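For reference, the structure is listed below as structure tokens.
The values are calculated or read from the model by the stated rules, or taken from the named source; none is laboratory data. Only a predicted model underlies this, so the values are computations on that prediction, with no experimental measurement involved. Cβ atoms come from the backbone with ideal geometry, glycine included; neighbour counts cover every protein chain shown. All accessible areas refer to the heavy atoms of the entire protein, side chains included, with ligands and DNA or RNA removed. Shrake-Rupley method; radii C 1.70, N 1.55, O 1.52, S 1.80 Å.
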Amino acid sequence: MNAREVNTLNIVGGRVIDPTTDADGRLVDIHVVDGRIAVIVEAGGALPSADSVLDASNAVVSPGFVDLHTHLREPGREESETIETGSRAAALGGFTAVVAMPNTDPAQDSRAVVEFVREQGRRAGLCEVVPSGCITVGRAGEQLVPYAELMKSGVTLFTDDGNGVQDPLLMRRAFEYSSDLGVTMAQHCEVSRLTAGAVMHEGSCCSHLGLPGWPSIAEELMVHRDIELVRITGGRLHVLHVSTARSVEMIRAAKADGLSVTAEVTPHHFTLDDESLRSFDPVFKVNPPLRTMADIEALKAGLRDGTIDAIATDHAPHADHLKEQPLDTAPPGMLGLETAFALSVGELGMDLRSVLACLSWNPARIAGIADRHGRPVAVGEPANLAVLDPGVGWTVDRRRLASKSRNTPYEGRSVTGRVRHTVLNGRAVVIDQVAQR
Amino acid sequence: MKHLRGIPELGVEGIVRILNLADHMVEVNRRPVPKVPALVGRTVVSLFFEDSTRTRISFETAAKRLSADIMTFSVSTSSVNKGESLRDTIETVSAMGVAAFIVRHKTSGVPWQVSQWTDASIINAGDGWHQHPTQALLDCHTIRTELGRPATEDCLAGLRIAIVGDVRHSRVARSDIQAFTALGARVVVVAPRTLLPPEVHTWPVEVTSDLDSVVADVDVVYMLRMQRERMSEALVPDLGEYSNRFGLDHARAARLRDECLVMHPGPMNRGVEMLVDPADLRRSVVTRQVSNGVAVRMAVLFDVLGDTNPEVAS
Ligand SMILES: [Zn+2]
Ligand SMILES: [Zn+2]
């Protein structure tokens, strides 16, 4: 009875900052038709009318964020998060795409599971859920996953996250075998023999608290190994959640040598240090652990000089009853999607455009989705956008987060930088900090 | 004092207060009927997630001598093994009207976590490698009474105390070092690098791996228990090598000063860290530590729960 429904949306009065603009951006009004940007005029100019209008006055319009590192817990751990609740948290955080980590149950090592995760994301309709694949079957570190097969389901990022691939032979083969497929091996760098039972960073704080330490060297040995394997194999490495100063140095040197190495850092690793564990609150237990102020400074410097390409959340929801355990049995991980923008814009001392690069177009490239995310805000481009209030303060309240879990380490913290609206494929999925579905 | 969780938060004033109370409790314990009604009607629950019959019995004896009602929450028969969170366990037991929990756990920090979930007082009976404050208090009490010193803020001043062995994994060492140095002693830790905590230079101690260089020059030798499972973690090559380097043998015992006290938190590993019979030593105070343990734990329980004069007589 109806003609095909045409969706139109106007975003008015915003200042656009994207990969093509300078740091100041430009004030424009945007008209979106059927998921794509159709018209852009100078703010206040004549724009076709639309079904809905988003007010972007005094706000920044950016390509939507891309999280390289999200644990959505489905399938297998739906008591802590589902793809729908995690997608909602992502949308509220300004993300239009998230890479779903493969440590689900069953693990994302087959097309069936990968397709399930992608489809659940589509059904939720709040952000694009981009499944990663495992490096090894069942993340057990023994047998390679059929990468080319999973590529048919759109997987370009492979990781055993939660585990590092311990066997150097297997990792060498993974780089070699994948080197002509154009995919990326994303490593959780942890030599597990050095971290058995570890609860927190091995340093003076852990020394006084009498908790088993997670030494920096356990990360650095694997960063070093994988960089050298890339050098001889021509594979492509992405270093997940870099946490130590020495890792940053090695990645900087690898890039200077022209190797295909990229890296991410989490907001918690550049905003919190190991002293947080003095409270003995397992909300601060995370893997790799919170490090020292010297590491934080090195991570920030790595972001500023481009050694670290992306800010990724390692969003890791855990139900309350799992975290309300002694520190050794409580699982590691903390929420990140809804606080990432504020912590990045508020605590890095970087200009906004550089922060957006780390949250949007750099990770879009690493995730292999740069054809549709992290795009310039220009006519003909897909409308995956975030409308941001970089200067607006708010207070983190765990009960008001959209995630199914509440394990944020920032409870009660005053932060600056808020996401106003999020637009996914031309539809407003968040309007004025309220998820629309 | 609401809780006794660790030596740092007790502070030197708190230590001195407990030591003074302990003197009084020693006197109570010498009476024909060593019991006072100080804590009548107060319920104390011992919550031992890690087995330690010695410490539990010491606390339970202390509680009974103060006329408290003491109950043992046995972990093996409880629901903590059935997927209940630690918080659920604490809230359930608290609801029964508990004045204090005595908590022992293999993981550092549990007494601090527990105190968020209950209004009851928390007494730490040992958490992980972190704290064992009543052990430190009874050790301070033992040293100063053996040397005839009153309970003052500098009652261990001028003493040099050697702590020998696995400091890294020892809650006794952490608490003792804090308490001994707070009362004015100097501490030297003697261990191989593998059994020292990370960043040991941030601790207020001297460090050496040469026991022979210190035995003749200290006022107290405090031997730590060497756990056999450390062998499988490659922390020392073998027990024989450990004993040779860090055990108290006859040759080393012969070089101790006449007045040097020999201490051990128990249980002792004979043939590993103790190669001599403590009974053969001039000044072994190992059994004195055990008997002082009851008096000090009475002092702690009274300090935490008592609202009347401990003199309240039967
Ligand atoms: Zn990881
Ligand atoms: Zn992760």
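Details
- In segment A:64-366, Cα pairs under 8 Å separated by at least six residues give a relative contact order of 17 percent.
- Relative contact order of chain B, pairs being alpha-carbon contacts under 8 Å that are 6 or more residues apart, as %: 22
- Note that segment A:314-398 carries a Kirkwood radius of 15.5 Å, evaluated over its alpha carbons pair by pair.
- Residues whose amide H falls under 5 Å from that of A:C189, counting only those 5 or more places apart or on a different chain, are A:L240, with hydrogens built in the peptide plane.
- When shorter helices are ignored and each DSSP H run of at least 4 residues is given -39500 (n - 2.57), the per-residue value for chain B at 222 nm works out to -11000 deg cm²/dmol.
- Cβ-based charge dipole, chain A, positive-most Cα from A:G162, A:V53, A:C205: A:V53
- Peptide packing: for A:374-380, B:299-305, the average count of neighbouring Cβ atoms within 10 Å per residue gives the ranking B:299-305, A:374-380, highest mean first.
- Long-range amide H partners of A:D67 with built H, under 5 Å: A:A97, A:V98, A:V99
- Ellipticity estimate at 222 nm from DSSP helix runs (n ≥ 4, -39,500 (n - 2.57)) divided over chain A, nearest 500: -7500 deg cm²/dmol
- Each of A:M222, B:T92, A:P390 was placed along the dipole of the protein assembly as shown (beta-carbon charges, centred on the mean Cα), and the one lying farthest toward the positive end is B:T92.
- For segment A:291-324, a drop of 40 Å² or more in accessible area on going from the chain alone to the assembled protein chains (1.4 Å probe) is found at A:E324.
- Within the accessible area of the protein assembly as shown (1.4 Å probe), percent carbon and sulfur: 49
- For chain B, the longest principal axis of the Cα atoms and the long axis of helix B:286-305 meet at an angle of about 30 degrees.
- Counting, for every residue in B:192-198, the Cβ atoms of other protein chains within 10 Å of its Cβ and taking the mean gives 3.
- Per residue, the protein assembly as shown exposes 37 Å² of accessible surface when a 1.4 Å probe is rolled over the protein heavy atoms with every protein chain present.
- For segment B:133-286, a crude dipole built from +1 on the beta carbon of Lys and Arg and -1 on the beta carbon of Asp and Glu, taken about the Cα centre, is about 160 debye to the nearest 20.
- Eigenvalues of the alpha-carbon gyration tensor of chain A, scaled by 5 and square-rooted, set the equivalent ellipsoid semi-axes at 34, 24, 21 angstrom, largest first.
- Residue-by-residue Karplus 3J(HN,Hα) for segment B:193-203, coefficients 6.51, -1.76, 1.60, Hz, glycine and proline x: 4, 5, 10, 9, x, x, 6, 5, 5, 8, 8
- Pairs exceeding a 31 Å alpha-carbon distance, out of B:K64/B:K106; A:K323/B:K2; A:K255/A:K404; B:K2/B:K106: A:K255/A:K404.
- With bins 10 Å wide beginning at 0, the percent of Cα pairs of the protein assembly as shown falling in each bin runs 3, 13, 20, 20, 16, 13, 9, 5, 2, 0, 0.
- Cα centre as origin, Lys/Arg/Asp/Glu Cβ charges: the protein assembly as shown dipole, Debye: 1120
- The loop-placed trypsin sites (Lys or Arg not before Pro) in segment B:237-291, going by DSSP, include none that has at most 10 neighbouring Cβ atoms within 10 Å of its Cβ.
- Long-range amide H partners of A:H201 with built H, under 5 Å: A:W214, A:L290
- Ratio of Rg to Rh over segment B:133-286 (Cα coordinates, Kirkwood Rh, two decimals): 0.94
- Principal semi-axes of the equivalent ellipsoid, √(5λ) from the alpha carbon gyration tensor of segment A:51-126, are 28, 12, 11 Å from largest down.
- Taking every residue in A:276-286 and counting other chain Cβ atoms within 10 Å of its Cβ, the average works out to 3.
- Of A:S279, A:S62, A:S354, the one that fluctuates the most in a GNM where chain A has Cα springs shorter than 10 Å: A:S279
- Summary of the geometry: segment A:318-353 and segment B:243-257, compared by the centres of their Cα atoms, lie 52 Å apart.
- For segment A:150-205: relative contact order, % (alpha-carbon pairs under 8 angstrom, 6 or more apart): 44
- Exposure rule at most 12 other beta-carbon atoms within 10 Å, DSSP loop GluC sites (Glu not before Pro): chain A longest free segment: A:143-437
- Dipole magnitude of segment A:64-366, debye to nearest 20 (Cβ charges: Lys/Arg +1, Asp/Glu -1, about Cα centre): 600
- Across segment B:120-130, rounded Karplus estimates of 3J(HN,Hα) from the backbone phi angles (6.51 cos²θ - 1.76 cosθ + 1.60, θ = phi - 60°) give 5, 6, 10, 10, 7, 9, x, 10, x, 9, 8 Hz, Gly and Pro being marked x.
- At most 15 other Cβ within 10 Å, DSSP loop - trypsin sites (Lys or Arg not before Pro), segment A:1-76: A:R4
- Positive-end residue of B:V272, B:Y222, B:L196, charge dipole of segment B:160-280 with Cβ unit charges: B:L196
- If you take all other residues with their beta carbon under 13 Å from the beta carbon of A:D24, and give Lys and Arg +1 and Asp and Glu -1, the sum is 0.
- Spatial offset of segment A:204-256 relative to segment A:152-187 amounts to 17 Å, using the alpha carbon center of each.
- Accessible area buried between chains B and A, both sides summed, probe 1.4 Å, in Å² to nearest 100: 1700
- 1.4 Å probe, heavy atoms, protein only - residues of segment A:189-228 losing at least 50 Å² accessible area vs chain alone: A:S207, A:H208, A:G210
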